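What follows is a set of notes on a single structure, which appears directly below.
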Amino acid sequence: MDNQPKTKPMKKIVGVRFKEKGKIYTFDASGMILSKGDKVIVNTEDGMAVGYVATRIRLSRDNKLPPNLKKVLRKATEDDAAIEQGNVEMEKEAFCFCCDRITKRGLPMKLVDVECLFDKSKIIFYFTAKDRVDFRKLVKDLVQKYKARIELRQIWVRSEARICGGIGICGRELCCTSFLKNFVPVTIKMAKEQNMLLNPEKISGLCGRLICCLSYEYDTYRDAKKIMPKCGKCVITPEGRGKVLRQNILDSTVVVGLEEGSEVVVSAHNIKKG
């Protein structure tokens, strides 16, 4: 008998992006010849959609892929491009109409984006709100206007920032718009660990939440602090005994107030416990 282990089957997959700088989703590209930048028609959980090939085709084992992996249906044709352009115009018109109805009905919500599926079978309206909103009458208005399935999907403020884009306090394009694929939890502890001033204007992004970049160097600061004496600790330096006043994590130095009254900057590696 052949006791050789069976090789897991491989499948051709490709990454597809729906927005210019949006998240990349994996699709089954079996039987397709695709290049980066190609416009394609794909099946999604919501229905047919138009996307752009964002990665080269690669092979992956079936057991490493999600069981409900959707397929790339075909490359987009000129007729598909015309349909897509019509959908874009519909999205703009639907955005204005929905905003008008939100205002007239006095609903406490903010419309962020509108997405029309390729076959116009469904239109998704993305919005933000502080609390739950009773939008049943708004849905009736939209159904009557567009004769399609309507979904109002509430998103959080970070997702709004990703969709709308903008410039951060650093002067660069928002991380969530330019390169971040997934949001990670950001806490005030990260700002404290990096000795940042806890000024909301300095540590908050356009979304009103803590800036994502607080998480980038958090681990580095946390690990560096493990070898440094804390502020207020009594230590012995080459210049004498004193108390730690301030830390400079990036330089691995501390400012020590000596017993004689002067201050010295000392490398954390040249300090002993007092």
Using the structure shown, select from Lys71/Lys110; Lys192/Lys243; Lys92/Lys140; Lys11/Lys122; Lys70/Lys145; Lys19/Lys110 the pairs with a Cα to Cα distance greater than 26 angstrom. Lys71/Lys110; Lys11/Lys122; Lys70/Lys145
Can you give the Kirkwood hydrodynamic radius of segment 144-274 from its Cα pairs, in Å with one decimal? 17.9 Å
Select from segment 86-176 those GluC sites (Glu not before Pro) which occupy a DSSP coil region and have at most 16 other Cβ atoms within 10 Å, ordered by residue number. none
Any idea what the dipole of the chain comes to, in debye rounded to 20, about its Cα centre with Lys/Arg Cβ at +1 and Asp/Glu Cβ at -1? 800 debye
What does the helix-only formula give at 222 nm for the chain: each DSSP H stretch with n ≥ 4 adding -39500 (n - 2.57), the total divided by the residues, and the result rounded to the nearest 500 deg cm²/dmol? -7500 deg cm²/dmol
Output row, site Thr128, 7 Å Cα→C-beta label point, backbone N cut-off 11 Å, window segment 179-208, residues 205-208
Segment 104-166-segment 231-249 distance, computed between alpha-carbon centres (Å): 57 Å
Contour minus end-to-end for Asp100 and Ser252, with contour as 0.36 nm per residue of separation and end-to-end as the Cα-Cα distance? 49.0 nm
Quick one: if you take sqrt(5λ) for each eigenvalue of the C-alpha gyration tensor of the chain, what semi-axes come out, biggest first, whole angstrom? 51, 30, 15
Compute the convex hull volume of the Cα atoms of segment 159-221, divide it by the residue count, and report the result per residue in Å³ as a whole number. 86 Å³
Could you sort 261-269, 105-113 so that the peptide with the highest average Cβ count within 10 Å comes first and the rest follow in order? 105-113, 261-269
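Each reported figure results from applying straightforward, stated rules to the coordinates on display, with no laboratory input. Everything numeric in this text was worked out from a predicted model, so none of it was measured. Please note: Cβ atoms are built from the backbone with ideal geometry, for glycine as well, and neighbour counts cover all protein chains shown.
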